[in-house]
1. Based solely on its DSSP helices, what 222 nm [θ] is calculated for chain C when runs of n ≥ 4 H residues each add -39,500 (n - 2.57) and the sum is averaged over all residues, nearest 500 deg cm²/dmol?
2. What Kirkwood radius, in Å to one decimal, follows from the Cα pairs of chain A?
3. With helices defined as uninterrupted DSSP H runs, which ones in chain B have an alpha carbon span along their own long axis of at least 27 Å and mean Kyte-Doolittle hydropathy of at least -0.5?
4. What is the distance, in nm, between label points placed 7 Å from the Cα along the Cα-to-Cβ direction at residue A:37 and at residue C:44?
5. If you place +1 on the Cβ of every Lys and Arg, -1 on the Cβ of every Asp and Glu, and leave all else neutral, what size is the dipole of the protein assembly as shown about its Cα centre, to the nearest 20 Debye?
6. Of all the C-alpha pairs in chain B, what % are more than 36 Å from each other?
7. Given the options C:164, C:213, C:41, state which has the largest fluctuation in a GNM of chain C using a 10 Å cut-off (strictly under) for Cα springs.
8. How many lysine pairs does chain C hold where the Cα atoms are under 23 Å apart and the two sit 8 or more places apart or on different chains?
Amino acid sequence: MTDIAPTGTPAKPDETARAPRRKMRLHIAVFLAPAVLIYTLFSIYPLIESLRLSLQSSVPGGEADYVGLANYAKLFFDPLWADQFLNALKNNVVMFCTIMVVQNPIGLVLAALLSLPKVRFTGTYRTLLFMPTLLSVVIIGFVWQLILSPLWGVTDGFLRAIGLAHAYKPWLGLEGSALFTLSMISVWQYVGVPMMLIYAALLSIPDELIDAARIDGLRGWAIFWKVKLPLILPTLGLVGILTYIGNFTVSFDLIYAVQGALAGPNFSTDVMGTFLFRTFFGQQTQLGDPHMGATVASVLFFIILAGVSVYLLAVQRRLQRYEM
Amino acid sequence: MKSTLFSGAALAAVLVAFAGSAHADTTLKIESWRSDDQAVWDEKIIPAFEKSHPGIKVVFAPTAPTEYNAALNARLDGGTAGDLIVCRPFDGSLALFKKGQLTDITGLKGMENFGDVAKVAWTTDDGKQTFCVPMAAVIHGFMYNKEAFKEVGVEVPKTEAEFYAVLDKIKANGKYVPLDIGTADQWEAATMGYYNIAPVYYGGEKGRDELINGTAKMTDPKFVKGFEELAKWIPYLGNGYQAQSYSDSQNLFTLGRAAIYPTGSWEITGFKANSDFEVGAFPPPVAKAGDKCVISDHTDIGIGMNAASKNKDAAKAFLEWVASPEFASIYTNSLPGFFSLSSAPFKVEDPLAQEFISWRKTCESSIRVSAQILSRGEPNMDNQMWVESANVLNGTETPAEAAKKIQDGLASWYPLQK
Amino acid sequence: MSAPETSTPSAARVQPSIARARTGRIATSTAIHTVLFGYTIIALFPVVLVLLNSFKTKRAIFGDPLGLPFGKTFSAIGYLDVLHKGDFATYFTNSFVVTVVALFLIVLLGAAAAHALAEYRFPGNGFLGVYLIIGIMVPIRLGTVAILQMMVQLHLVNTLTALILVYTAQGLPVAVFILTEFMRTLSRDIKDSARIDGLSEYRIFFEVVLPLIRPVLATVAVFSMIPIWNDLWFPLILAPGEGTRTVTLGVQQFIGQYTVNWNAVLAALTLAIVPVLVLYAFFSRQLIRGITSGAVKG
């Protein structure tokens, strides 16, 4: 795994000169050790303990057997498993695309507006816009079900008031629209994250660069497109990869809270997270299967790792990083 | 670095505050998914036990139902689970017993108070070992708003034809949602839908046995019939029922906006507290007058002993008490709708609960069709029941398709159905 | 927060177009506020709905979700339940302590590790960079049994320390990932001139690097805070005891198998927003202060 990691090796010519070979360079170890230690002990070790279960199969009542990659073969080729896996993966891809197209542009626009000089109340706006991100999924599930419910008259009442009564559908309950509706709730919940990241990046652009652009005759949107946007491209890349990772991990909580572990209707909102959870921990009368669960988790791991590698190798390397 | 100081102080406070404490008495901890019952345990059941068993303290420590199985397994594996484990019926607890995490209690004093049917959910397949004391069963049926029935001018239906006639009248009246069930959470479609009404058609326990020993198939007309009935419910459901959650259904009924609610006896307490009209109940209608009715009388809750418990004697004393007629009476009457499985006589006080339990005399009792053995493989039949029943109610699948999917699922792993 | 008036040199130079620029600016400003305000309504409407309904009777919540809590529909029963059932003061303290201590560790240790990765060339840098972010690729929840067994051996079950350790381990990957990215954009000149001034590597980290990335530290803290504050699983497994219960775990007592006490759930979770909002406001101020103390900027 070592070779696919270009992190921290931006081959700049002055690099070696800058960090002289000092005695042992103890400080590097001091900086890294606490994080690496806690992280290894309480995250990596337990995860390895679990993931290695994917190479075993459970024998009822007995010790587990080493079965090599048989569980993986089952996941990919046994239609019972493969169908569920592909369905979950497909839903994740759809959700990722929806969120990328909707959430991140909204986040960018909000951040761009907030970072403009002379806009008043930005602090208030920022806090209010971030509120949904702070809520517990229990509340989010409750309130959106309440809002979208056909029974309590919030959405259909609103649509009737503006003369669109016929446009109302029980979106969360229909196979065709449930996933999209959940994606939108997710956008609503998390738009604050890209907004904050991009906002922080925009604010750290030196005023001198903007002033220089003004002197060159650039105005308004041109400054944004030609000066600011290129400068924050690394942040946009970061937002993209975080969206990708979050889509596979964080999305679980919302779907589990709103649609349950069976991700209804008819598995139309089943994503890798719910599939993994159901398999690993079980659900109602279905017993958990840690071995297949670990197999699903390992595959999920490689899917995310692939995305991160693409990011690290292709995107991050090509994006020129401006020192500010 | 003010924050460093603060965090350091907080960390120190944490370390000091949680050094743990010791008890002179033996304290038993109960693991359960019934957080609904916290007050009943704290105020009625535990005091009654502690009164007759000085020196033993009991703590009821429930986990939210959706997290219970996963959390309990983790605690058992990690060695931090409570002394007493409230048991899910059938395979969930059987697996724990096979792993050596539940104690064999076959010879426990008081077990003679339970018949074989009561114990079946917590007994090994060969019938030799029992690992949980049966606590309660729940009975399925339909609840209805008595005022709504009076207003519309309908009587309690006994047959299928009467049932739909009543629904038609309520629908024509227009004030009430005739049939209050949604498919958003999926489990109601199976539990209050198929499991509730289908046993009448497939002949209760007899049909269930046939499916287990392979002489009948889910695609047989008598099993498909349950789905066909569900499909007939569609015109009577509320607007947007596809997004109607279980909570929504409860609220719709208690707010007096629905007439008939397919449900189970577990709902009694909540409905008493929240509705301001009189609630009645009737068993699933039969195909034609004179047919024997069959009810789903599902053995749902038991309690066993953690094999790793350090307080085995006290835990055993508690289980013996749970097996006694005293517990049967306290439990059934503190939680109307959860009926003790004890064969010792006990009196049911709540009138609505009386109505439900009276069906045991007139109808045949049956447990959920997927509960025993048939949900042991992958795909899990109970899960499939949820999804397929919801699909049928949603109109996205025909009854025949739904039955075929479940049959195919069974055939893929269950030797006697291959 | 608004920038000083003199920050538009162009306006001063292009005299004739001042009037036109002013009307243009008012129009632009209106447009900006329309967009921001519009989206704020979308963001807040559900939150307000939760707040309103937390003060209503159960019948009124579902009978008229949009109605204001007045007269017959008003009820503080949820808040009373929260006051009386369970020791929510302790739960809040527990959640707060766990969140703050874990955040402190995540930000400090994460920044130190990110600094090492971004600043120095050493063998294994690339490997560690990837190693430290592996944790976001598999839900840590899967390692529950191993974590629990370890905590049992360390005698940390039913302590807040157990939660703090797990949350720190869980939060580090994202923190390292984001911080490394931002640290790479820091100007080398500043650090090098500090080295020439004879500052030790530790002092460079604490006195030069940390202040420079303060806004990002605050951002990372905000992101890391939410999953910790709202987590239900690890409190359930590692610290379910009465004395160590967190708010999210405390709320679970109102969510039954068949009956959900929505009044109490809404009340408790509405109250639960307050501490995170306070923390958010605190970090938010760091963000601004870091940015406006712009003198250190390259």
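Coordinate-derived values only; no laboratory data. Here the structure is a predicted model, which is why all the values come from computation and not from measurement. We place every Cβ from the backbone using ideal geometry, glycine too, and count neighbours over all the protein chains shown.
1. Calculated at 222 nm, the ellipticity per residue is -21500 deg cm²/dmol.
2. After inverting the mean inverse Cα-Cα distance, the result is 23.3 Å.
3. Details: long enough: none.
Both cut-offs are met by no helix.
4. 4.7 nm
5. 3660 debye
6. Considering chain B, 31 percent of its Cα-Cα pairs are separated by more than 36 Å.
7. Ranking C:164, C:213, C:41 by mean-square fluctuation puts C:41 first.
8. The result is 5.
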